[in-house]
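The values are calculated or read from the model by the stated rules, or taken from the named source; none is laboratory data. In this text, all values refer to a predicted model and were calculated from it rather than measured experimentally. Note that each Cβ is placed from the backbone with ideal geometry, even for glycine, and that neighbours are counted across all protein chains shown.
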């Protein structure tokens, strides 16, 4: 009787196959649990430190961590704040930043940037050995001051703001604030080591180097976007220039009217002074009036002495 055809051999073979399948199933479950534990640890749900990492992979005293039933899906984000000073005027630094499609030429992990509209951008960057895409929408933009954007992506995204502050005539401080929302294993594992913060710092240094080495040599060729965006409404550069021209004309007219008022008031005062001076001169050169001679009073008439003369005549006749 052949050994390979015996019932015992067939039973042993089936038992070995079943045990192998069971081992593979347990190994797959173990890998899934470890992956889930690492993801939970990266998001902050599994505790921190070395003990938290040991619990995440199932070798710590606390077991494998939280089970599937009791696990809370809490969204975690990483806040990144970086600053850099560049030795150029604030308008030059701002104009260079608005050239988003040039970022891949001097940043290391930014692979591609496409600007579909004035407020819509599509990004592609390298995260470890993987490549991630996300879309950004600019919600606020004021030339030489700030740019604020919101993003969305299946494997993580970055919201943030960048502001420009004039320290001196040829010195500008750039303040970059990011909110990184990781999704996926690579993103969460990278979040453990704060890799995104270090990457943002390095990319900002690349921008600083590019401005100081290349932009300053070709400032006349730099063309930044000088439009505005407020509450999602895009104001093209042409309309903004027209509004600024109208505002400037209004300010000039107001200044001219003020100057005219100021000039008119002294003229009126000068005219009044001239009139007063002329009156004074007329008074000075006016001939004095001759005093009026008093009227002579008529001398009293002497009473007639006709009666006396008649009496004297009669006496002489007699």
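Looking at 210, 181, 188, which one is surrounded by 16 or more Cβ atoms within 10 Å (Cβ to Cβ) and either at pLDDT 95 or above or on the phi > 0 side of the Ramachandran plot (or both)?
210
Evaluate the range 268-287: report whether one residue or more is over 30 Å from residue 85 (Cβ atoms), at pLDDT below 65 and not in a helix (DSSP H, G or I).
Checking the range 268-287: at least one residue is over 30 Å from residue 85 (Cβ atoms), at pLDDT below 65 and not in a helix (DSSP H, G or I).
Being at pLDDT below 95, in contact with a strand residue (DSSP E or B) (Cβ under 8 Å, 6 or more places away or on another chain) and in a loop (DSSP other than H, G, I, E, B) is the filter here; which residues of the range 62-113 pass it?
75, 76, 77, 109 - these are the residues of the range 62-113 that are at pLDDT below 95, in contact with a strand residue (DSSP E or B) (Cβ under 8 Å, 6 or more places away or on another chain) and in a loop (DSSP other than H, G, I, E, B).
In the range 82-91, which residues are in contact with a helix residue (DSSP H, G or I) (Cβ under 9 Å, 6 or more places away or on another chain) and closer than 17 Å to residue 176 by Cβ?
Correct list: 82, 83, 84, 85, 86, 88.
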